[in-house]
1. Considering the Cα trace of the range 78-162, what is its radius of gyration and what is Dmax, both in angstroms?
2. As a quick test, which of the pairs Lys109/Lys156; Lys6/Lys80; Lys124/Lys161; Lys83/Lys109; Lys83/Lys124; Lys14/Lys141 have an alpha carbon distance above 20 angstrom in this structure?
3. Can you work out the FRET efficiency for the pair Asp111 and Gln81, with r the C-beta to C-beta distance and R0 = 22 Å, to the nearest 0.05?
4. Would you mind checking the tilt of helix 28-47 against the longest principal axis of the Cα atoms of the chain, expressed as 0 to 90 degrees and rounded to 10?
5. What list of ³J(HN,Hα) values in whole Hz, one per residue of the range 104-109 in order, does the Karplus curve 6.51 cos²θ - 1.76 cosθ + 1.60 (θ = phi - 60°) give from phi, with Gly and Pro shown as x?
6. Looking only at Tyr128, Tyr94, Tyr46, which one moves most when the chain is put into a Gaussian network model with springs between Cα atoms under 10 Å?
7. Between helix 53-64 and the chain, what is the angle of the helix's C-alpha long axis to the longest principal axis, kept within 0 to 90° and rounded to the nearest 10?
8. On a 0 to 90° scale, report how tilted helix 148-160 is relative to the longest principal axis of the chain, with both axes built from alpha carbons and the result rounded to the nearest 10.
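The values are calculated or read from the model by the stated rules, or taken from the named source; none is laboratory data. Predicted model only: the values in this text are computed from it and were never measured. Note that we place each Cβ from the backbone using ideal geometry, even for glycine, and neighbour counts take in every protein chain shown. To get the accessible areas, we keep the full protein, side chains included, count just its heavy atoms, and leave off ligands, DNA and RNA. Shrake-Rupley method; radii C 1.70, N 1.55, O 1.52, S 1.80 Å.
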Amino acid sequence: MEKEVKVTVTVTAKDLFWFMLQHTYRSVGGVLSLLFSLAAFGMLLYCFDSVDFPYQVVLIISALLFTVINPLLLFLRSVKQVKKNVGFSVPIEYIFTQKGFTMHQGEQKADALWSDLWRVRDGKRYLYLYGNSVRANIIPKSQLDGQAQLLSQLIKESRKKL
């Protein structure tokens with residue numbers, strides 16, 4: 001008998017924000033931008049008393065750019081996107097099997113095989129099913145009604161067979 005896990009999730013602005021934040025900062029560019037901000041903060045601490053005010057302002061902005069400002073902008077963008085896109089307010093029903101998964105949202109239905117996915121990332125709070133390098137289905141584990149471990153195991157076993 002084939003294993004099957006059914007779940008219904010609704011992606012919130014918080015869920016989208018965490019996806020966007022991780023997607024941004026897990027890349028080489030994201031790591032370099034954080035290093036830039038940390039270097040600017042180090043320079044600010046090192047030479048704060050010995051430089052003019054405009055230079056201090058530039059260092060402060062540089063230090064905050066990728067550590068505070070960019071995450072804040074990502075949060076605001078995720079809130080705006082969730083409010084603007086009606087699809088986020090409609091729950092998505094997933095049916096996971098050993099072959100793949102089916103998504104139902106309102107009248108729409110889509111199927112995907114495990115082999116169709118670019119990548120699966122099983123994190124602490126989220127499960128991301130990437131169709132390509134920038135688009136993913138976001139599945140908050142908090143909405144899985146205690147089936148997170150069962151689903152993770154099903155996906156891991158099914159993808160091993162590929």
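1. My reading of the Cα-based Rg and Dmax gives 13.2, 40 Å.
2. Flagged as over cut-off: Lys109/Lys156; Lys6/Lys80; Lys124/Lys161; Lys83/Lys109; Lys83/Lys124.
3. After rounding, the FRET efficiency stands at 0.30.
4. Its long axis makes an angle of about 30 degrees.
5. Karplus-based 3J(HN,Hα) across the range 104-109 equals 10, 9, x, 8, 8, 9 Hz.
6. Of Tyr128, Tyr94, Tyr46, the Gaussian network model singles out Tyr46 as fluctuating most.
7. 10
8. Value to nearest ten degrees: 80.
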